[in-house]
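Enquirer: This structure is in C-alpha cells; I'll ask about it shortly.
The values are calculated or read from the model by the stated rules, or taken from the named source; none is laboratory data. These numbers come from a predicted model, not from an experiment. Please note: Cβ atoms are built from the backbone with ideal geometry, for glycine as well, and neighbour counts cover all protein chains shown. Just so you know, the surface numbers come from the protein's heavy atoms only, side chains and all, with ligands and any DNA or RNA stripped out. Shrake-Rupley method; radii C 1.70, N 1.55, O 1.52, S 1.80 Å.
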Amino acid sequence: MMASALLLLTPLWPLVLAGGYLLMMAFGQRWAALNWLWISAPLPALALALLMPADPALTSLHLPFLLLGSLWWLDEVRQVFLVTTALLWLMAGLYARGYFAAATHPARPDQPASDKMGFAALWLLTLSGNLLLIIAEDIASFYLGFALMTFAAYGLVIDSRKASALYAGRVYLAMALLGEAAMLAALIGLSQQAAAPQMGPAAASLMTSEPSIWILNCLLLGFGVKAGLPLLHLWLPLAHPVAPTPASAVLSGAMIKAGLLGWCLLLPLGQVSWPVWGQIFLVAGLISMLGAVLPGLLQSHPKAVLAYSSISQMGMMISVLGASLIEPALWPLALPALLLFVAHHGLNKGALFLAVGLAEKPPRWPLTLFLLLTLLPPLALTGLLTSGLVTKWMLKQGLYAQEMSQLVMWLTLGAGGTSLLMLRYLFRLWALMPAQPHRPPLSQQLAWLGLMLAALTLPWWFTAPGGAALLWPDFKGWLELAWVPLLALLLALLVIKLLPQGGPEWPPGDLLLPLSWLARRIGQALAPWRSTEFTLIQRLVDWIKQTAAQRQDTNRLARLEERLRQNMALLFLCGCALLASLYFLLGAVS
C-alpha cells in the first residue's frame, strides 16, 4: 500500500503543486513562489527510491484507466536514476529559493513576482515529467513524461528573456522537436511488434525478431538529442549558460540522462550481440567524449565549460553501452559501474553548477576554505576521489576482463580531457569571484554543501544491482588512475605560461555557427528560383495586413492579444493540470 501511494505521488505531487501555481497566476493571486511546499515536490520520489524495495513484484502500480493502461514500478536500474534525480532536484530547489531571493531578473526588473510564479510552475512540470519517465514501464506513460519534461524545460531555458536566452531556447526547441518526433516513431513501431505496449516486451521484441533499421535509427536519434550525441548536442552549450543556475544543474545532472535510461530499458544489453549497432554507439560515444574537449577548453563562462564536460562524460557512458552491445558478457560487469557513473556524474555535476552562483557572490567564509571546497567535485570527476575513483576503476577492470584494452586506452584519453576541462572550469570559476565577499542566503550554501556531501559519500550509500560489491583500487591502482589528471595539470600549466592572456575563445554552439552560415548561403542561392506564385501570395498577405492595420486600432488589438495569450493559456494549462489530478485521484480511489 505504501509503495503504491509513493509511486502515485512521485509524478502527481509536483503536478498538483504546478496546478496550484497556474490557478494563482490565472486569477491574479500572489503566492510565495519558492516556498517550502514547492521545495517538497521531489520528496515522495526520494522516499520511494530510498525506502521501497527495487523489485517490480513488490513496488508496482497498475492504472488501467490511464492512457493505454499505465504500469509504474521500481527496479534496480530505475532506483539509481530515481534517487539521483530526486536528490538533485531537491537540492537544486533549495538552492533556487535563495538564488531568486538574492537576485531579480535584470531583463524584467518590474515583474519579479510573476517571473518567480512562472518559473515555479514550469519547474514543477519539468520535475513531474522527469520523475514519470523514470518509473514508467508502459510506453505511453514513458513518452508522456519525456515530452512533459522536454517542453516544460523550454521555459526554464528562456527564463531571463534575454536575446541569448531566446536564441538558445529556439535551438533547444528545434532539437527537442526533432528528438520527440524520432522517439515517438520508434516507440510506436516497438508497440506494434511487442506483445504489450510496455518497455519490457518492447525490448524483448528486439531480441526475438529482426529489428527494423528505421526503429533503431529513431531510437538512436530520439534519445541521442538528450544525451548529446555528435551533431545533436548543439543545444547543450547554448542552454546551460543562459538558464538560471539551479535549472542548469538539473538540466545537466538529471534530464540529460533520460536518453541513457531509454537505451538501457529498450536495447537488448547483455542478451544478444549487435556488433554493427554496437560499433555505431561506441564510435558516436568516443566522438562525443573527445570532440567536446577542445570547444570546452575555449569557453569563457564556467557553465559553458560544464556543458561540454557533460557531453564528454555522456560520451563515456554511451561508449560503454556500445561495447556491451558488441560483447554481451560485458554488461553484467559494466552495469554496476555504469549506474554508479550515473549517480556520480549527476550529483557532482550538480554541485559544480551550484558553485557558479556562489562564486559570483561568495559567502563570508575563509577564502582558502571556499577554494578547497570548490576543488572537491572536480577532483571526483577526474577520478581522484571517492565516487569517481571507484567508477573509473570498476569500468577499467570490467573492460580488462573482456580483453577490451583498446577501449580502456580511449577512455583514458577521455579522462585526460575531463581533467583539462575541470582545470578550465576552476580557472574561470575563480575569475568570477569579486574582491569583496557577500552574504548569500543560507539555503544556497546548505544546498551546495549537502549536494557535495551526498556526492562524496556516494560509494558508502550506493546500492549496486544484485548487491554487487564496489571495487576500490589499492595504492598502485590509484596511481594508474592519478597519472592522467597530473599530466593534464602539467600540460595546463605549460599552456598558461605560453598563453598568459588566456588564448583564443570558441563561442558556445560550435558547429551551429558554420551550419547557420551554410543555411543562409543556401537560402540566398535559392532566392532567385522562388516561384512567381509564391511572390504574389506573399504580396497579397502583406496587402491584407496593411489594410487591417489601417482600419483597426493596433494598440487595442495588441492589448487584446496579450490578454488572450496570458489568461487563456494559463486557464487551459490549469484545466489540464486539474483534470489530470482528478483523473489520478479518482482512479486511485476506485
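Enquirer: Need the C-alpha centroid separation for the range 42-56 versus the range 247-262, integer Å.
Expert: So the two Cα centres are separated by 19 Å.
Enquirer: If we restrict to alpha carbons, what Rg and Dmax does the range 1-44 come to, in Å?
Expert: Spelled out, the Cα radius of gyration and Dmax of the range 1-44 are 12.2, 39 Å.
Enquirer: Scan around Leu63 for amide H atoms under 5 Å from its own, H built in the peptide plane at 1.01 Å from N, and keep only partners 5 or more places away or cross-chain.
Expert: Ser70, Leu71, Trp72
Enquirer: How large is the translational diffusion coefficient of the range 375-438 in µm² per second when you combine the Kirkwood radius over alpha carbon pairs with Stokes-Einstein at 37 °C and 0.692 mPa s?
Expert: It diffuses with D of about 247 µm²/s by this estimate.
Enquirer: With all protein chains present, how much of the accessible area of the range 319-442 (probe radius 1.4 Å) comes from carbon and sulfur, to the nearest whole percent?
Expert: In the range 319-442, the share of accessible area belonging to carbon and sulfur is 65 percent.
Enquirer: Could the peptides 261-270, 380-389 be put in order, highest first, of the mean number of other beta-carbon atoms found within 10 Å of their residues?
Expert: Highest to lowest by the protection proxy: 380-389, 261-270.
Enquirer: Something else: Need the list of lysines near Lys349 for cross-linking: C-alpha distance under 30 angstrom, and skip anything on the same chain fewer than eight residues off.
Expert: Cα-Cα hits under 30 Å: Lys116, Lys162, Lys226, Lys257, Lys303, Lys361, Lys392, Lys396, Lys476, Lys497.
Enquirer: May I ask you to give the solvent-accessible area per residue for the range 129-248, in square angstrom, as obtained with a 1.4 angstrom probe?
Expert: It amounts to 32 Å² per residue over the range 129-248.
Enquirer: What's the whole-number percent of alpha carbon pairs in the range 330-458 lying beyond 27 angstrom?
Expert: When every Cα pair of the range 330-458 is considered, 26 percent fall beyond 27 Å.
Enquirer: Treating each Cα of the range 113-219 as an identical point scatterer and ignoring solvent, apply the Debye formula and state log10 I(q)/I(0) at q = 0.13, 0.14, 0.23 Å⁻¹.
Expert: Log-scaled intensity ratios, in q order: -0.57, -0.64, -1.16.
Enquirer: Could you work out how far the C-alpha centroid of the range 124-177 sits from that of the range 1-36, in angstrom?
Expert: So the separation of the two Cα centres works out to 18 Å.
Enquirer: Next question. Take the Cα coordinates of the range 421-495, assign each an equal point scatterer, and use the Debye formula without solvent to give log10 I(q)/I(0) at q = 0.13, 0.23, 0.25 Å⁻¹.
Expert: Treating every Cα as an identical point scatterer, log10 I(q)/I(0) equals -0.75, -1.12, -1.15.
Enquirer: Whose amide H sits under 5 Å from the amide H of Gln198, counting only residues 5 or more places off or on another chain, with H placed in the peptide plane?
Expert: Ile139
Enquirer: So, one more: Normalising by the residue count of the range 290-338, find the relative contact order in percent from Cα pairs under 8 Å and 6+ residues apart.
Expert: 28 percent
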